[in-house]
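Undergrad: Before we start, here is the structure in question, set down as structure tokens.
Every read-out reported here was derived from the displayed coordinates using simple, explicitly stated rules and does not represent laboratory data. Because the structure is predicted, anything quoted here is derived from the model rather than measured. Methodologically, a virtual Cβ is constructed for each residue, glycine included, from the backbone with ideal geometry; neighbour enumeration extends over all protein chains shown.
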Amino acid sequence: MQELAVALYFPAREVALGVVGQRTLPRSERVLRQSWLPGFPDGAQKVGEGLAILEKDGQVTYFVGGDNYFSHAVGDQASRRFALTSLMENGHVKAVELERAPLSIPHRTLMNWVGQSRKAGPSSFFRPAEPSKPRIMTPEKSAECARLLSEGKRPSEVARQVGVKESTLRKAIGRQGVPQWAPRPQERVESEPASTKSERSRADAEAAAGMGTACTRADDRIRAALGVATGATTRFEASHDVAMGGLLAGLPALCANGLLTGLGRHLKLPRGFYSALHILLVLGFMALGRIKRPEHLRQTPPGELGKVIGLDRVPEVRTLREKITLLAKTGDPAAWMRELAKNWMESEPEEAGYLYVDGHVRVYHGEQANLPRRYVSRERLCLRGTTDYWVNDALGRPFFVVSQPLNDGLAETLLKDIVPQLLDIVPGQPTPTELDADPTLHRFVMVFDREGATQSLLGRLWKQRIGALTYRKNVKDLWPEDQFQDQEVRLPAGGSTRMKLAMRETRLGADANSLPVTEVRRLTQTGHQTAVITTARQLGNTTIAGRMFARWCQENYFAYMMEHYDIDGLVEYGAESLPGTHRVVNPRWRELDKAVRQTRQSERKLQAELATTAPNDGGEIQKNAESVESLQAVQEELKQLLSKRKETSRKVAIDSLPEAERPTQLPPLNKILCDTIKMVAYRAETAMVALLRRHLKNEDDARALIRELFVSAADIQPNAAANTLTVKIHRMASPVHDRAIAALLDELTQQEFPHPETGAKMTFALV
């Protein structure tokens, strides 16, 4: 009878519904229907624009534009599925309309009905269900599998032992028919059902009609808008397959390296939905997840990343930029950076005794700021930009950074901006009494390249009893090779290597102000001698060599931060004026200096031509005389230029320059804040790499795996009764990586790290 009803029903509506037999015509082939006037009977519930459903006298009737479309008895689920599928297929109602009240049918269920109708025909709704096959995974086998898995055995081994296929076991694990680990007693409480990614995506899309995409916490937003609440309440929701949920595994390391230490004292925000803590967490997770700039958030589902920080969504780009500006301008990010640097140094005082300083040019291609040009070695060009002077340890980990909008140079930056900070924060410095008692004793050692290898800089640093370690310039003499000895040199990063070294005590300069230094040379296999000098004369030759040749760690740091953390990226657009009293190179002096160099080049060229002319060649006498006259003219011009350059001030105050020639700078505060967060993120990543190195020997492999961990999906399971937050990271690409990550997550769990706002104890697992 049901099949007959289907057969009879469709022909009657063939033209109107676009159906031939049991085949639904494409929309392009359907006959345009006459527009119906609304004429729904009383009591009918409207669903969409042209559909209403009436339940009366034990019958459910579907009205399309006032016309009786189909009826069936109340409780006849087969007819209900058939009717709704037909309505969707023929364009009378949309799936999204059925997902809403009053029907509230899940999207996946509707799509399954449509798929069944297209594959097996509408009559398949009325066929009796096929008898189910006997279960392979019996309750006994499931219990046995759960026991073996809880003992740490792999699924392949368990499947072989129990006598089932590995694919069958993994399917049972996937539908939670077989738990991989026995639940902890404190977790055996009822919890809210976990949402799936598709469910969250639909909810986020539906919320867009109100306050915006993924804005599902309207109550918190209203309270924040009215100024009642200081910020949204962090509340984690049970969720499956949260994109980038692995970022939560980096939260303990971020907090341990000081991400939230500046809250209240150096960083604060006015009342609003997003608190300063939320913004710092977002920026920290963005750094770990390689979301390099706020604009790149547009490529990330805001609701998914919001689940990672315990909110409904992360702020949009404009909001995030505004919050960054407020944090920077109302707080003191520079003081926060100094505090962090001091804490990092105090945690490892031995590494703080050797500080590596080098400049990194941030190239600027914009038009809003008038930045001076400087030589960029990696580009081999003079380009506009800002030089950032980084202070790192021997492992490449940063302490702080100083930005110079002008070409002040390494020496001036060291003495004016870096050394005063180091004297204040470096731990373990000798007392004045100890320094007076031993004239060779140093406070700490600064390591830099040949740019700072001048007697003037090394002498000025030693007056403050700061040791300097650098390469020696202009080495022309060679030491006898028999003075070199093969020695084992321990590296700061661990391990050792062998070098042929020789050491002498010598002096820089020949006058009364000469500076005593220790010189160490390394003999390479090609016979080249690399010379290193230091004013810290208490150091041994192996220590000097090991510390000096560890400078490559800082270069690697620059390359890594450029690729993965975008340290050269613009954080805020626009330009700011520099203090008018600041002295810069006089543009008039620079023009004269350029003319002097060009004229000297012409002089050398004419002198070379005269030197190659034969003196007794009668045919060249006239040409020779002309060359002499030209040389004399060039020399006279050079004399005048040198006189003008001498009379012109090399540096002038910015205020004395015309408005168009005054240099400006990029807004510094936002950059300081973001650089500090990126330093915290890099140190957090490095700390996790160090833990992972216990299970993976290669550091590059460990870093790559940590990056994969951060962007991995995860299940988030809060437990309010037990006050726990369980993060289940999805498996990696290989069993080797799975074992390494599982061991890392176990170490993180053993720390019993409490979430910084909720206080819930965080546990981590691999599933």
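Undergrad: For VAL489, what residues show an amide H to amide H distance below 5 Å, using hydrogens built from the backbone and excluding near sequence neighbours?
TA: Here THR497, ARG498, MET499 satisfy the definition.
Undergrad: So what are the ³J(HN,Hα) numbers for the range 532-543, from phi and the Karplus equation (6.51, -1.76, 1.60; θ = phi - 60°), rounded to whole Hz, Gly and Pro as x?
TA: Going residue by residue, I get 10, 10, 8, 8, 7, 6, 7, 7, x, 5, 5, 5 Hz, with x marking Gly and Pro.
Undergrad: Of LYS476/LYS594; LYS307/LYS671; LYS268/LYS671; LYS119/LYS171; LYS473/LYS594, which ones are farther than 19 Å apart at the Cα? Let's see the in-between values first.
TA: Values: LYS476/LYS594 30 Å; LYS307/LYS671 27 Å; LYS268/LYS671 17 Å; LYS119/LYS171 25 Å; LYS473/LYS594 26 Å.
Result: LYS476/LYS594; LYS307/LYS671; LYS119/LYS171; LYS473/LYS594 exceed 19 Å.
Undergrad: Further question: Helix 77-89 versus the longest principal axis of the chain: what angle, 0 to 90°, nearest 10, using Cα atoms?
TA: Taking Cα atoms only, the helix is inclined about 50 degrees.
Undergrad: For SER347, SER86, what ranking results if the residue with the fewest other Cβ atoms within 10 Å of its Cβ goes first?
TA: Lowest to highest Cβ neighbour count: SER347, SER86.
Undergrad: If packing is taken as the mean number of other Cβ atoms within 10 Å per residue, what is the order of 91-99, 273-281, highest first?
TA: Values: 91-99: 17.1, 273-281: 22.7.
Top of the packing list down: 273-281, 91-99.
Undergrad: In whole angstrom, how far apart do the alpha carbon centroids of the range 712-767 and the range 367-409 sit?
TA: Comparing the Cα centres of the range 712-767 and the range 367-409, I get a distance of 40 Å.
Undergrad: How many percent of all Cα-Cα pairs in the chain sit more than 53 Å apart? It would help to have the intermediate numbers written out before the result.
TA: On the way: 106616 of 293761 pairs.
Counting every Cα pair in the chain, those more than 53 Å apart make up 36 percent.
Undergrad: Separate question: Amide H of VAL517 versus every other amide H placed in the peptide plane: which residues, excluding those fewer than 5 positions away on the same chain, fall under 5 Å?
TA: When sequence neighbours closer than 5 places are left aside, the close amide H contacts are THR506, ARG507, LEU508.
Undergrad: At a Cα cut-off below 19 Å, give the aspartates and glutamates reachable from LYS56, other chains included and same-chain residues fewer than 8 away excluded.
TA: Candidates past the 8-residue exclusion: ASP42, ASP67, ASP76.
Undergrad: For the charge dipole of the chain, defined by +1 on Lys and Arg C-beta atoms and -1 on Asp and Glu C-beta atoms about the Cα centroid, which residue among VAL317, VAL767, LEU641 has the Cα displaced farthest towards the positive pole?
TA: Farthest towards the positive pole: VAL767.
Undergrad: Quantify how much of the Cα-Cα distance distribution of the range 337-564 extends past 27 Å, in percent.
TA: 37 percent
Undergrad: Considering the Cα trace of the range 502-661, what is its radius of gyration and what is Dmax, both in angstroms?
TA: Both quantities, over Cα of the range 502-661: 26.3, 71 Å.
Undergrad: Sticking with this structure for a sec: Treating the beta-carbon of each Lys and Arg as +1 and of each Asp and Glu as -1, no other charges, what is the dipole magnitude of the chain about its Cα centre, to the nearest 20 debye?
TA: 740 debye
Undergrad: Sticking with this structure for a sec: Would you please put 218-230, 386-398 in order of how densely packed they are, using the mean number of other Cβ atoms within 10 angstrom per residue and starting with the highest?
TA: Output ranking for 218-230, 386-398: 386-398, 218-230.
Undergrad: Taking every pair of alpha-carbon atoms in the range 380-470, what share in percent sits in each 5 Å bin, from 0 to the bin with the longest distance?
TA: For the range 380-470, the binned pair fractions read 2, 11, 22, 23, 20, 12, 5, 2, 1, 1 percent.
Undergrad: What does the helix-only formula give at 222 nm for the chain: each DSSP H stretch with n ≥ 4 adding -39500 (n - 2.57), the total divided by the residues, and the result rounded to the nearest 500 deg cm²/dmol?
TA: The helix contribution divided over the chain gives -12500 deg cm²/dmol.
Undergrad: Here's something else I'd like to know. Place +1 on the Cβ of every Lys and Arg and -1 on the Cβ of every Asp and Glu in the chain, take the dipole about the Cα centre, and give the residue among PRO668, LEU406, LEU570 whose Cα lies farthest towards its positive end.
TA: Value computed over the given set: LEU570.
Undergrad: Sorted from fewest to most neighbouring beta carbons within 10 Å, what does the list HIS107, HIS755, HIS442 look like? Please list the in-between numbers first.
TA: Working: HIS107 15, HIS755 20, HIS442 24.
The fewest-first ordering by Cβ neighbours comes to HIS107, HIS755, HIS442.
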